[in-house]
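Remarks on the structure that follows.
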Amino acid sequence: MHAIAGLALLGCLAASARGGEHPEDAVFAAAREAFVKADRGRLERALAGLHAHPLAAWGEYFRLGLRLEYGSDDGVAAFIEQQEDSYIGEKMRADWLRWLVRKEDWSGARIQFARLLQPDAEAVCLGLAARQRLGEAGVAEDARRLLANDKSLPEPCHAPMGRFAAAGELPDDALWERLRRQLAQGRLKEARAVAGWLPAAEAPAWKTVENVLDHPARHVAKLSARFADSRSGRELAMVAILRMARGDARVAATRWRDIEERFGASERGHVWGRLALWAALDHLTEASDWFDRALALGAALDEEQHGWRVRAALRAENWPAVAAAIAALPPDMAARPEWTYWRARARLATGDAAGAQDDFLRLAGRPDFYGILAAEAVGRSFALPPRAVPPSAEELAAAATRPGLVRALALLRAGMRSEGVREWSWALRGLDDRQLLAAAEFARREGAIDRAITAADRTRAEHDFAQRYPLPFIEQVAPYAREVALDTAWVYGLMRQESRFVMDANSSAGAKGLMQLMPRTARWVAKKIGMRNYRPARVTEIDTNVMLGTNYMRMVLDGLDDHPVLASAAYNAGPGRARKWRAERTLEGAIYAETIPFNETRDYVKKVMANAVNYAALLGEKAPSLTARLGTIRPRGFGDGTAEDLP
């Protein structure tokens, strides 16, 4: 395509995707509302006026979705063929699969399941049901694999699993293990279903299970002399012990020692392995010994237990134990960056400098937390990769004509964020670096900074870190950061992680804006700094949000020993938790981050701190290394200030 023609086309398409500029936006909004209300007449009237809108295909999806609801799949196959290999086509096929299962058209359902490119968990269950009804070979084995998986089973899996269990195709031990896991993780709806799959002679009454969960200590105290004679009696006793461990693992372990001789080796190993996990999450010194006891009894650790066995040894800075725990990881888990890095550290601490060097070099060059730390460990300071040549007019025009990308941005404009995010990610599949960079620039020009980051993050050889780590609103953010003496790079590192710069971002918990402030926190900070005319509606305004957010960051820093790792953890999980997770002795900052017990907060802190290094480089600052930023965390109580008073 000629460069001038490409620019003209890009401008035309951009106008169609830019917020509020398409003349049919109101028509699409009316169509969507009619779909939500299942009003076919209103939908048809709205669609009659939807012609050139980038979301016209979604209008047709609405029409076919209501048609399915009213009992007909006319036109669905043709739509899927037209939208082949697109997110909306995949979504329509998944809807059709659900419809076919409801109609008990097992052959049709089996065909559509096989054609899904990325079936989600619900679709896998629907496919399982169809395959079971058709008597397909190997389906029972697939069901057993699903049962052993730690992920929750969606509702559509319950009926086929129940039939497999009734036919004796799910081992009792596997069912009891599933029940234990679901009860331990608080998935009570699924746990109740699993309890119903057990043989009638073994299954505990659900009311009894609820009593055990509500009053575990009482259940253990009142165990009958012959409780261990039945499988149900032993299982409920174990559930009670592990429920107690959620509150106090040491007390639970004491009660377990009183009764464990009544159990077999595999049961004892299971309980000690779960007690060890709770102890590790609570940073108890007994955790490593309890993991060892579980393994000696033949317990098989799951992925979470393996990870926390390493972390328990890390927390104790017992490097030989760290090395042994990492050596015991499943191969695919051991290859992950965090365990490669900590294996290198363990090797270095135990005298294997050459092995450590190999591991560090394997990670060095990655711009993430462990890649930066590994590079610094071999003496390399962080540097941004060379910036790729900007996309040409032809490359930008090609991005602007990709239907999935255009639809994604239009969905965001229409307030359909989750669908827009999925459309965007689907449309990025298979793109090369040049196409990804063009998609990122297309999104940036349309104001979808979060989608630009997603595209730029995927490049493999050609990179533009200004797209990966953008600096929007710098005129507002930098002065507010300076005013309260904050590191601007850290502020941006946190903001990128909080909202990806979506101005009106709203979390499921109610946090709002660029810096994701909870209403109570925003109100509290506004009062503290004497902000006049504050009202909740202003929290998504850039100036208000950044002013309140940076002031809160300053308060958190002041309340937690002026340490950015502690403050980052506090911003995500609350100051009280960040303080609680400190040790009784000085602890390396990287170890503190790795041993944060909340998965979300642990990942968040690592990303915020790595983001800060990337932002410092983009800002041209002579900033501290990541190792220096992490520093050491002083023992609990040092420099806590007003941490307990912060919301």
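The values are calculated or read from the model by the stated rules, or taken from the named source; none is laboratory data. These numbers come from a predicted model, not from an experiment. As a convention, Cβ positions derive from the backbone with ideal geometry for all residues, glycine included, and neighbour counts pool all protein chains shown. Surface accessibility is based on the protein's heavy atoms, side chains included, excluding ligands, DNA and RNA. Shrake-Rupley method; radii C 1.70, N 1.55, O 1.52, S 1.80 Å.
Quick notes on this one:
- Candidate set from region 129-150 (those that are within 14 Å of Ala109 (Cβ to Cβ) and in a helix (DSSP H, G or I)); member that is most open to solvent (accessible area, probe 1.4 Å): Arg133
- First in region 58-84 and under 20 Å from Gly41 (Cβ atoms), second anywhere and at pLDDT 95 or above and of a type in the set (Val, Ile, Thr), Cβ under 8 Å, 6 or more apart: Trp58/Ile88; Tyr61/Ile88; Leu64/Val76; Arg67/Val76; Leu68/Val76
- Contact map, region 438-466: residues that are within 22 Å of Ala616 (Cα to Cα) and in a helix (DSSP H, G or I) paired with residues that are open to solvent by 10 Å² or more (accessible area, probe 1.4 Å) and of a type in the set (A, V, I, L, M), Cβ distance under 6 Å, separation 6+ or inter-chain. Pairs shown: Asp450/Val502; Phe465/Leu384.
- Taking the listed residues Asn545, Asn551, the one that is in a helix (DSSP H, G or I), more than 27 Å from the chain's Cα centre (by Cα), polar (S, T, N, Q) and surrounded by 19 or more Cβ atoms within 10 Å (Cβ to Cβ) is Asn551, with no other qualifying.
- Residue ID - most open to solvent (accessible area, probe 1.4 Å), chosen from residues in region 370-380 that are hydrophobic (A, V, I, L, M, F, W, C) and free of Cβ contacts under 8 Å to residues at least 24 places away in the same chain: Val378
- Residue in region 200-208 that is farther than 25 Å from Glu141 by Cα and crowded, with 16+ Cβ neighbours inside 10 Å present: yes
- Picking from residues in region 381-400 that are surrounded by 15 or more Cβ atoms within 10 Å (Cβ to Cβ) and not small (Gly, Ala, Ser), the one that is farthest from Val608 (Cα to Cα) is Glu394.
- Positions within region 490-523 being among the aromatic types (Phe, Trp, Tyr) and either over 19 Å from the mean Cα position of the chain (by Cα) or surrounded by fewer than 17 Cβ atoms within 10 Å (Cβ to Cβ) (or both), in sequence order: Trp490, Tyr492
- Top-ranked residue in region 491-542 [being within 14 Å of Phe473 (Cα to Cα), β-branched (Val, Ile, Thr) and not in a loop (DSSP other than H, G, I, E, B); ranked as modelled with the highest pLDDT]: Val491
- The condition (being assigned to a helix (DSSP H, G or I) and under 30 Å from Ala623 (Cα atoms)) is satisfied by just one residue among Ala325, Ala356, Ala312: Ala356.
- Every condition in (1) assigned to a helix (DSSP H, G or I); (2) open to solvent by 70 Å² or more (accessible area, probe 1.4 Å); (3) closer than 30 Å to Leu405 by Cα holds for Phe79 except the one numbered (2).
- Within region 564-600, being part of a loop (DSSP other than H, G, I, E, B), within 19 Å of Leu494 (Cβ to Cβ) and touching a Ser or Thr at 6+ places or on another chain (Cβ under 9 Å) holds for one residue alone: Trp581.
So that you can scan it fast, the table gives a plain yes or no per residue for (1) among the β-branched types (Val, Ile, Thr); (2) touching a residue at least 60 places away in the same chain (Cβ under 8 Å); (3) touching a Ser or Thr at 6+ places or on another chain (Cβ under 9 Å); (4) open to solvent by 30 Å² or more (accessible area, probe 1.4 Å):
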position: Glu104; (1), (2), (3), (4): no, no, no, yes
position: Arg110; (1), (2), (3), (4): no, no, no, yes
position: Ala121; (1), (2), (3), (4): no, no, yes, yes
position: Gly127; (1), (2), (3), (4): no, no, no, no
position: Ser152; (1), (2), (3), (4): no, no, no, yes
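- From the options Leu329, Leu411, residue that is more than 28 Å from Ala455 (Cα to Cα), within 25 Å of the chain's Cα centre (by Cα) and modelled with pLDDT of 95 or more: Leu329
- A search for C-beta distances below 8 Å between a residue of region 383-396 that is within 13 Å of Gln467 (Cα to Cα) and any residue that is open to solvent by 60 Å² or more (accessible area, probe 1.4 Å), counting only pairs 6+ apart in sequence or on different chains, returns Ala388/Glu462; Val389/Glu462.
- Among residues of region 226-274, those that are assigned to a loop (DSSP other than H, G, I, E, B) and either modelled with pLDDT under 95 or under 18 Å from Ala195 (Cα atoms) (or both), counted: 3
- Residues of region 469-489 classified as crowded, with 20+ Cβ neighbours inside 10 Å and aliphatic (A, V, I, L, M), total: 4
- Scanning region 348-369 finds no residues that are among the polar types (S, T, N, Q), under 14 Å from Thr627 (Cβ atoms) and loosely packed, with under 15 Cβ neighbours inside 10 Å.
- Restricting region 580-633 to residues that are in contact with a Leu (Cβ under 7 Å, 6 or more places away or on another chain) and either at pLDDT below 95 or among the polar types (S, T, N, Q) (or both), the residue that is least open to solvent (accessible area, probe 1.4 Å): Thr595
- Summed over region 211-225, the residues that are in a helix (DSSP H, G or I) and surrounded by 14 or more Cβ atoms within 10 Å (Cβ to Cβ) give a count of 7.
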